[in-house]
Amino acid sequence: MEKCSLLVPAITNGKSLDEIRKSAKFHPSIWGDFFLKYNADNTKISDVEQEELAKQKEMVRKMLSQTPDDSTYKLELIDAIQRLGVEYHFDKEIGESLQHIYLNHKGQNNKDNNDLVVVALRFRLLRQQGYNVPCGVFQKFTDNEGNFIASLGGNVEGLLNLYEAAHLLKHDDVILEKAIEFCSSHLRASLHKITNVSLSKRVNEALILNMPIRKTLPRLGARKFISLYEEDESHDEILLKFAKLDFNLVQKMHQMELSDLTRWWKKFDVANEMPYARDRIVELFMWKMGIFFEPRYAKARSIVIRHTSIVSIMDDTYEYATLDELQILTDAIQRWPDVIATLEDSSPYIQMCYKCLVETYNEIEDEMEETGESYRVQYAIQEMKKLVLVYFEETKWLFNNYVPTMEEYMKVSIPSCAYMSISTASLVGMGDQVSKEDFDWITNEPLILVASSTICRLMDDLVGEEFEQKTSAIECYMKQYGVSKEEACGELQRQVENAWKDMNGECIEPKLASMKILMGIFNLGRVMHLLYANGDGYSDPTRSKELVKMLLVEPVKI
């Protein structure tokens, strides 16, 4: 990425210091010290719980192994395991089964191949796994003009499966575009007639709440699906019990992690030292838990959340401080870590901002030296340097009343959404799951990362005007093309949908990185879809309060 100029324009349009320091007056933290209570004693997993989990896990594994790969029930079982959030226990078994299904599904019985429920489910499971299944498998459900057959309108289960499958569309998957439109229309018309409670709720979640499986964070999806699965009369009691226990035990681990991070965050005393900044350690934990929730990634979560906390402080500082202050801070960060500046003549909050950055990365580097992987931290540091440069460029636009072209805007503001920085930091603590080549790949801004960042930036702009005072894509597009705000928003929403297609395409074989890394980046797109589903759920923590309670406070009833 080309570095932005550090030259500060002299003109500030007569703004006073008070006007320049235009704090957005963000809502204070609503959680405070709440999570400090989750200590080692009340989050400890007992031997009895571990033994029970292991026992149930083997029962589910046996169920998987004994179910024939060429059966419809195997597809349904794999789907349930994935949606219940326990797939990570059976990655190998599920991978082998889906490979067999992919290689042999064309020869499976004709009845299943003409059943929309089965065809759509199989298509979704295989594409989720990265197999390039052609969308032509749905042509048999269309007429001579390529439109879906009207008689399918009464098949609610089939329509829902097709609707879910269609969200794995890539560019040029025209039939899947038609499927989304067709299914949306018929499911909306049928919703009030559905008597099956579980099915009705699944349709409502996917369609009315706009949370299809492909755009739903796995951990949140699991929490919701546990209840839906329990209401389904055909549910398997062993699998349900295992999923509930696993969710609760993993929740205990998350509570302990968040307790430690809350304690870490408190030492910065953000509310007093940097009162203009958002105090959101709990919300950040929930969002970054969305990248990977599994127990094995506890270290990776700790690192990426600390990194993102500093990013959040930086973001708010670059919206609050003066250009002169930001020039000093930006220069200091560009010299770090080779030169640790003192910034003695700077404002206290500028000094504190810089101190938070340096101390946090010193901590992370010390931790990574223990495993001989400290080189990874340097990649994250370089991404942080790039990030503050684009923050500074955006600030200069605002202070000088400059509205860039869309090309200028996207070049700067896609990296300024911080997903490139966060994605790199997310790999630092992943152990042997990543290599140096993975860091080289991700720091070269692959398409999936640009697409995820595009979703972040444009969705932020579409709902973020209430809190933020940055230049937005809406403003840039309106000025450049002379269109209304409504037209600009419509175009930006189309660009968001195209970015989802880009991400889907990047997760199909041949892949340029492991599926775990790809889905971590994909999950960042899902974070934004959830975060801005009902306004800005980060700037206004009251909008995400119930999600925090659902994932981090309230266990599943067993």
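Every number in this text was worked out from the coordinates using simple rules, so none of it is lab data. Note that the coordinates shown come from a computational prediction; the quantities given were computed from them, not determined experimentally. For neighbour counting, all protein chains shown are included, and Cβ atoms are generated from backbone atoms with ideal geometry for every residue, glycine included.
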- Task: Measure nothing but the geometry: give the 0 to 90° angle between the long axis through the Cα atoms of 323-335 and the longest principal axis through the Cα atoms of the chain, rounded to 10°.
- Result: 70
- For the stretch 52-177, alpha-carbon Rg relative to the globular expectation (2.2 N^0.38 Å, N residues): 1.13
- Stretch GLU231-LYS267 to full length: gain in nm at 0.36 nm per residue minus the Cα-Cα span? 8.4 nm
- Of ALA222, VAL117, SER435, whose Cα points farthest to the positive end of the dipole of the chain (charges on the beta-carbon: +1 Lys, Arg; -1 Asp, Glu; origin at the Cα centre)? VAL117
- Which lysines, on any chain, are close to LYS215 with Cα under 22 Å apart, when same-chain ones fewer than 8 places away are left out? LYS170, LYS178, LYS201, LYS224, LYS288, LYS501, LYS511, LYS516, LYS545, LYS549
- Item | DSSP-assigned coil residues among GluC sites (Glu not before Pro) in the stretch 331-392, each with at most 14 further Cβ atoms within 10 Å | GLU344, GLU370
- Message: Can you compute 3J(HN,Hα) from phi for each residue in the stretch 494-506, using the Karplus curve 6.51 cos²θ - 1.76 cosθ + 1.60 with θ = phi - 60°, rounded to whole Hz and x for Gly and Pro?
- Response: 5, 5, 4, 5, 5, 5, 4, 5, 4, 5, 4, x, 6
- Task: Rounded to whole Hz and in sequence order, give me ³J(HN,Hα) for the stretch 259-270 from the Karplus expression 6.51 cos²θ - 1.76 cosθ + 1.60, θ = phi - 60°, writing x for Gly and Pro.
- Result: 4, 5, 5, 4, 4, 4, 5, 4, 5, 7, 6, 4
- Rg and Dmax of the stretch 198-244, using alpha carbons, in Å: what are they? 10.9, 31
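Rounding to the nearest 20 debye, state how big the charge dipole of the stretch 114-180 is about its Cα centre with +1 on each Lys and Arg Cβ and -1 on each Asp and Glu Cβ.
Approximately 220 debye in magnitude.
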- Long-range HN-HN contacts of GLY429 with modeled amide H, under 5 Å: none
- On a 0 to 90° scale, report how tilted helix 348-369 is relative to the longest principal axis of the chain, with both axes built from alpha carbons and the result rounded to the nearest 10. 50
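State to the nearest 20 debye the size of the charge dipole of the chain about its Cα centre, where the only charges are +1 on K and R beta carbons and -1 on D and E beta carbons.
Here the chain has a charge dipole of around 1020 debye.
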- Message: So if the hydrodynamic radius of the chain is defined as the Kirkwood radius over C-alpha pairs, what does Stokes-Einstein give as its diffusion coefficient at 37 °C and 0.692 mPa s, in µm² per second?
- Response: 131
- Message: Could you work out [θ]222 nm for the chain from helices alone, using -39500 (n - 2.57) per DSSP H run of at least four and dividing by all its residues? Round to the nearest 500 deg cm²/dmol.
- Response: -19500 deg cm²/dmol
- In degrees, nearest 10, range 0 to 90: what is the angle between the Cα axis of helix 174-190 and the longest Cα principal axis of the chain? 80
- Message: I'd like the distance between the alpha-carbon centres of the stretch 165-193 and the stretch 31-62, rounded to an integer number of Å.
- Response: 40
- DSSP loop GluC sites (Glu not before Pro) in the stretch 458-558 with at most 10 other Cβ atoms within 10 Å of their Cβ, which ones? none
- Added length on full extension, which subtracts the Cα-Cα distance from 0.36 nm per residue, VAL174 to LYS62: 36.3 nm
- Under 23 Å from the Cα of LYS55 - lysines, other chains or at least 8 residues apart: LYS44, LYS74, LYS92, LYS241, LYS244, LYS252, LYS557
- Item | For the stretch 200-259 versus the stretch 377-403, the gap between their alpha-carbon centres in whole angstrom | 38
- Starting from the Cα of LYS241, step 7 Å along the direction of its Cβ; do the same at MET253; then give the gap between the two resulting points in nm. 2.2
